[in-house]
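Down below is the structure, laid out as structure tokens.
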Amino acid sequence: MTNSYPASLLRLLNIWNSTGYNGIDSLNDIIFSSFFNRKAVAELFSDCEGFSADILRQIIETAGSLRLSLDPDSNKRKISNFRSFVSDDHKLEILRMTEKLFSQFENGLSYIIRNYSVIRKNSMDRIDRSARNAICDAIDSYSLFSENTLGTDIIPTALSISVCSENSRDGALHITSFRNAVTSIRENLFILGLGSSDFPGTPSENHIILDDDYLLFENGGEMYTSYEKINRRKNELFSLIKTACALDNDITVSYSDYMLSDLKEDNASSVIYELFKEINGEYPDGETIDKAFEDVPFFASEFSASRLIGKAYNEGLSIEYVTAKTDSDSDSDSDSDSDSDSDSDSDSAKSSAVVKTKFSPTAIEQFFSCPRRFFLSRILGLNEPDCDDPFEVISARELGTIVHGLMELLAEKKLSEADFIAEGYRRLDEFFAVRPPIYSADAQKLRVEFIEILTNAFRNDPRNQVISAEEYYTADHPSGITLFGKPDRIEKTSDGKILIADYKTGRKVTHINNDPVSCIQVLIYAYMLEKQGYDVSGGEYRYLRNNVTVKLDYNDSARKALDNLLCKFKNALDNCDFPSYKNSCKYCGLASACNAVDCERSDV
């Protein structure tokens, strides 16, 4: 059963319905596994124009956010609540398709296994079909006589059912135990699992029934003791090898003669000596043992493309830029310069391919936080894992998006505090309709924090004239870098100066007053606006949780600091110089590709 695809699919369904909390990741694991028949899903949506893998991922994200389950009543309530808040036509169409897919899931586990489990078209065909029938029969029988109509309680029992086993076919590996291998000897025999100190098993007593208790039985009780169990395994091994030798078959024995704890060669176990004696009639000496074994290095780890890139960079190898990744921040557009010069100098061509890409302040800020991370994500285009935590009520990014949207609305309209808070409640309720929290107490706690943020934002707003909010700006810098981005807000002060405001919803204050490096984001915005003819006085980071404002004065000193920073940035691009900063590794999703362990942060 455990080797079948239906059983593998049932295990994934069980995880999704239990420890996965019906979330996005666990549902993704089901739909995009090799055990789930996505062709059947495509047939289900054959009447939907434009159905694709991308649409399917949007369906999964919608279902996982809503935490749709096997329960039709719960699903109906969540979908109805979603419809009451969302008016976007595309989202509603995805919701309709999500509802259609989950009408299949609501038919129960047995229905899903029977209709969506992949049945392989090879020697495993029989075991897959047998497993499918056994699982469905067990679930159907249990659901018929149990209060749990979903049949989830029977899953462990269903997975323990034995179904037909396949005979080994010619040209394929046949994996079995010592005892069963004797009945299916092959021309080439590979015996695996031997160790230098504990094969064929270190005697271990049953912690409930001890060996001394077994010996109290007169009729063969000693056969169940730990010593006799190990002895039987030895005898099975010896019987297998003697039979194979009698048939003149080739035998390869896998035996680890190194202790991993101290990487020191260990003495061969007594089992190896006994094997030699069984075959040759006498115990071998050390020289014979050494000649008998062929050293095989430990299997190399399987490397992904990102790990190979990181390894190449660590070894100082040159990386040629074929195409440059366009920077795409959530707070900015992703247009890139498509012009390309035909330069005969290959080095010049390589560097210009990167330099001609537009960079947002967020990307450049990331560079000065950790150049290696910038290189891996912005230049090589490696994606950081985006895992869904079912218990997370709202992510920092999603909270920031809601608050920024409210601040943009406040810049456009004259709202009272009550109206502003009411709109905040409405948008948060809309979010909860799309992603219902698992625990209502967590949602209530977030509501309190959310309203505190909005209250601080409204009451501490300087009431400057708003020139623009979330509008696109761009400028070229003499270093050769093209800059672009959308400042949260551009304000005009009472003295006619231009002020840049950037809103932060985090708890920790990470910027320092008049520090060009930590404030490089608003410093770049100031430069772009100056190029548009504005008289810029500076910028502010406004932390809405704790009423902290970090200021940056835009003056000749700041301009000079920006020029130096952007020249350093361009120089890193030209020379592919992207070291790692050790203090940035802890929460970096690209740490495995970077593999920087002993790196230290240099001065910026």
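Observations on the structure shown:
- Residues whose amide H lies under 5 Å from that of ILE467, counting only those 5 or more places away or on a different chain, are ILE490, GLU491, LYS492; hydrogens are built 1.01 Å from N in the peptide plane.
- Counted by Cβ distance under 12 Å from ASP213, the other residues give a net charge of -4, where Lys and Arg count +1 and Asp and Glu count -1.
- Region 471-517: radius of gyration and largest Cα-Cα distance (Dmax), Å: 13.8, 36
- A 1.4 Å probe run over the protein chains yields, for region 394-505, 46 Å² of accessible area per residue, whole-number rounding.
- Residue-wise HN-Hα coupling along region 90-99, computed from phi with Karplus coefficients 6.51, -1.76, 1.60 (Hz; x: Gly, Pro): 5, 5, 5, 5, 4, 5, 4, 5, 4, 4
- Accessible area per residue was computed with a 1.4 Å probe on protein heavy atoms; LYS277 scores about 90 Å².
- Long-range Cα-Cα pairs in region 31-183 (distance over 29 Å), rounded percent: 35 percent
- Near GLY424: Cβ cut-off under 12 Å, other residues only, Lys/Arg at +1 and Asp/Glu at -1. The net charge is -4.
- Peptide ranges 514-527, 437-450 listed from the most packed, as the mean C-beta count within 10 angstrom indicates: 514-527, 437-450
- Lysine pairs within region 394-514, Cα separation less than 28 Å, 8 or more sequence positions apart or different chains: 15
- Cα centroid separation, region 102-144 to region 485-504 (Å): 61 Å
- Couplings 3J(HN,Hα) for region 507-521, derived from phi with the Karplus relation 6.51 cos²θ - 1.76 cosθ + 1.60 (θ = phi - 60°), are 7, 9, 7, 10, 9, 10, 3, 6, 9, x, 6, 6, 9, 5, 4 Hz, where x marks Gly and Pro.
- Accessible area in the full protein assembly, largest first, 1.4 Å probe, for CYS245, CYS48: CYS245, CYS48
- When region 462-567 is reduced to its Cα atoms, the Kirkwood hydrodynamic radius in Å: 13.9 Å
- Residue-level accessible surface for LEU590, protein heavy atoms, 1.4 Å, Å²: 10 Å²
- Rg over Rh [alpha-carbon atoms, Kirkwood Rh] for region 373-521: 1.00
- Principal axis extents of the Cα atoms in region 51-107, from largest to smallest and rounded to whole angstrom, are 26, 25, 15.
- Order of exposure, largest accessible area first, which applies to GLU430, GLU99 with probe 1.4 Å: GLU99, GLU430
- Cβ-based net charge around GLN444, under 15 Å, with every Lys or Arg adding one and every Asp or Glu removing one: -2
- Per-residue SASA entry for CYS588, accessible area with 1.4 Å probe, Å² rounded to 10: 20 Å²
The values are calculated or read from the model by the stated rules, or taken from the named source; none is laboratory data. The shown structure was predicted, so the numbers you read here are calculated from the model rather than taken from an experiment. Cβ atoms come from the backbone with ideal geometry, glycine included; neighbour counts cover every protein chain shown. What goes into the accessible areas is simple: the full protein's heavy atoms, side chains included, and nothing from ligands, DNA or RNA. Shrake-Rupley method; radii C 1.70, N 1.55, O 1.52, S 1.80 Å.
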